[in-house]
Amino acid sequence: MEFPDVHLLSAGTALPGAPVTNAALAARFGMDALWEQWIDTFIGTRSRHLALDLDTGERVGGLADLATAAAERAIADAALSPSDIDLVVLATATPDRLMPTTASVVADRLGIDGVPAFQLQSGCSGAVQALEVARRFLLDGRYRNALVLGGDVVARFFDLTADLRRVPPTELVGFVLFGDGAGAAVLSTDPAPGAAALRSVFTRLVGANREPGATLDWYGPHERAVRGTGASEDYKAIERHVPDMAAEVVKELLDDAGWTGDDVEHLLPPQLSGRMTELIADRLGVGGRRVTCVRETGNIGNGIVFFQLERLLGELRPGERAIGVSIESSKWIKSGFALEGV
């Protein structure tokens, strides 16, 4: 049986509010200029967008709001309408509610009904997992167009009353590393001008006998008052393991596609932070243009891949090749994808 190609037709993104600079973040939490300098040097991220008013503590939108806006842009850019969508897959670590799923809410807002709709609970690699799930459904031959979404809203875990001088390093990094946002992409078995063929996708759990590098607890208000924000990062472990995992992903993608590093014109490296992204990209052995946005957006978890894809599609020419890498540190999942302009 001959399977059709799966094409990436478009990508759209959405961010909440104005960018929050390191200076604004430092001022809000009463930290001095040295803290701001530490963010610039150690994290390497200049700004992020938050679905939270830092002055009032008021939430200014949720994941469904952002994902709906991103989806509308992606569907319009694909020259389709919501009625053309046969499948919806959304990945997130921070759904608005446990039920109903954010995937179902977004589909309803878009006017999409009577189709399969899945929500994947995962960290950063969930975006690639969602691409793979949608790709496999399209290869089945019964579906033509899939809407794939990913995003996270981490500002809800901010404790605006926290004295950051007393916060453990594993929690402190979360205040500066992450941002909020969502993205969407349209996959199709039908080619279109400006599209990219999805040549390879994979995700793989490699967390056996490893402690989690990141945790995000979910519990009710009573428990939160006792247990704190529930978000932590083992940044040292992440610095140690992620570069090696990223290199393994690139090797597997190149081998699977039959390419060499010199054949790749565009690299979409992991977007943990500005500093880490540069360190990882430098050692991957893939030439060409680096597609990165984390310095301006912060780490948006499941949304960040779509921000990279949106930028890539504006630059990818027929015959050009791209490789994307996403690493999840929670229980250590490595993932990636290979694209070719058509």
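The values are calculated or read from the model by the stated rules, or taken from the named source; none is laboratory data. Quantities reported herein were computed from a predicted structural model and do not represent experimental measurements. Cβ sites come from the backbone with ideal geometry, for glycine too, and all protein chains shown count toward neighbours.
When you check R283 against the structure, is it over 20 Å from the mean Cα position of the chain (by Cα), in the same structural domain as E211 (by TED's automatic domain parsing) and at pLDDT 95 or above, yes or no?
Taking the combined requirement at face value, the residue does not satisfy it.
Report the residue count in segment 161-171 for those that are surrounded by 17 or more Cβ atoms within 10 Å (Cβ to Cβ), closer than 21 Å to R46 by Cα and β-branched (V, I, T). Let's see the steps before the verdict.
Of segment 161-171, the ones surrounded by 17 or more Cβ atoms within 10 Å (Cβ to Cβ) are 164, 167, 171.
Going one step further and asking which of them are closer than 21 Å to R46 by Cα, we end up with 164, 171.
From what's left, β-branched (V, I, T): none.
Looking only at that region, the number is 0.
Condition check ((1) of a type in the set (G, A, S); (2) touching a residue at least 12 places away in the same chain (Cβ under 8 Å); (3) in contact with a strand residue (DSSP E or B) (Cβ under 6 Å, 6 or more places away or on another chain); (4) not in a loop (DSSP other than H, G, I, E, B)) across all residues:
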{"residue": "T292", "(1), (2), (3), (4)": "no, yes, no, no"}
{"residue": "E296", "(1), (2), (3), (4)": "no, yes, yes, yes"}
{"residue": "E310", "(1), (2), (3), (4)": "no, yes, yes, yes"}
{"residue": "V325", "(1), (2), (3), (4)": "no, yes, yes, yes"}
{"residue": "K331", "(1), (2), (3), (4)": "no, yes, no, no"}
{"residue": "A338", "(1), (2), (3), (4)": "yes, yes, yes, yes"}
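Counting just the residues of segment 178-202 that are within 26 Å of L15 (Cβ to Cβ) and touching a Gly at 6+ places or on another chain (Cβ under 7 Å), which one comes out surrounded by the most Cβ atoms within 10 Å (Cβ to Cβ)?
That would be A182.
Show me the helices (runs of 4 or more DSSP H) found entirely inside segment 1-90 where at least 3 residues are in the same structural domain as V154 (by TED's automatic domain parsing) and not hydrophobic (A, V, I, L, M, F, W, C).
Details: elements: 22-28, 33-38, 63-77.
The helices (runs of 4 or more DSSP H) meeting that bar are 63-77.
Restricting to segment 66-95, name every residue that is within 20 Å of the chain's Cα centre (by Cα) and free of Cβ contacts under 8 Å to residues at least 40 places away in the same chain.
P95
(1) surrounded by 22 or more Cβ atoms within 10 Å (Cβ to Cβ); (2) modelled with pLDDT under 95; (3) touching an Asp or Glu at 6+ places or on another chain (Cβ under 8 Å): which one isn't true of V60, the others all being true?
(1)
I'd like to know if segment 281-299 contains one or more residues that are surrounded by 24 or more Cβ atoms within 10 Å (Cβ to Cβ), closer than 15 Å to L253 by Cβ, of a type in the set (G, A, S) and out of contact with any Gly (no Cβ under 6 Å at 6 or more places or on another chain).
Checked segment 281-299: no residue is surrounded by 24 or more Cβ atoms within 10 Å (Cβ to Cβ), closer than 15 Å to L253 by Cβ, of a type in the set (G, A, S) and out of contact with any Gly (no Cβ under 6 Å at 6 or more places or on another chain).
Before we move on, is T101 modelled with pLDDT of 95 or more and either under 26 Å from T297 (Cα atoms) or over 16 Å from the mean Cα position of the chain (by Cα) (or both)?
Working: modelled with pLDDT of 95 or more: yes; either under 26 Å from T297 (Cα atoms) or over 16 Å from the mean Cα position of the chain (by Cα) (or both): yes.
For T101, the condition - modelled with pLDDT of 95 or more and either under 26 Å from T297 (Cα atoms) or over 16 Å from the mean Cα position of the chain (by Cα) (or both) - is met.
So is D113 surrounded by fewer than 19 Cβ atoms within 10 Å (Cβ to Cβ), in contact (Cβ under 8 Å) with a residue 12 or more places away in the chain and more than 19 Å from D159 (Cα to Cα) or not? Even if it seems obvious, please write down each step before you answer.
Numbers: surrounded by fewer than 19 Cβ atoms within 10 Å (Cβ to Cβ): yes; in contact (Cβ under 8 Å) with a residue 12 or more places away in the chain: no; more than 19 Å from D159 (Cα to Cα): yes.
Here the answer is no, as D113 does not meet what is asked.
I'd like the full set of residues that are touching a residue at least 40 places away in the same chain (Cβ under 8 Å) and in a loop (DSSP other than H, G, I, E, B), limited to segment 176-196.
Of everything in segment 176-196, those that are touching a residue at least 40 places away in the same chain (Cβ under 8 Å) and in a loop (DSSP other than H, G, I, E, B) turn out to be G179, D180, T189, D190, P191, A192, G194, A195.
Being surrounded by 19 or more Cβ atoms within 10 Å (Cβ to Cβ), within 14 Å of the chain's Cα centre (by Cα) and not aromatic (F, W, Y) narrows it down to one of G174, G151, G213, so name that one. Walk me through it before giving the result.
Working: G174 fails: within 14 Å of the chain's Cα centre (by Cα); G213 fails: within 14 Å of the chain's Cα centre (by Cα).
None of the others qualify; the one that does is G151.
Determine which member of the set T41, T21, T45, T92 is at pLDDT 95 or above and of a type in the set (S, T, Y). Full working, then the answer.
Details: T41 fails: at pLDDT 95 or above; T21 fails: at pLDDT 95 or above; T45 fails: at pLDDT 95 or above.
The match here is T92.
Results for (1) modelled with pLDDT of 95 or more; (2) small (G, A, S); (3) buried (at least 21 other Cβ atoms within 10 Å of the Cβ), shown as yes or no for each residue.
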residue	(1), (2), (3)
V249	yes, no, yes
E278	no, no, no
I304	yes, no, yes
L309	yes, no, yes
L312	yes, no, yes
W332	no, no, yes
A338	yes, yes, yes
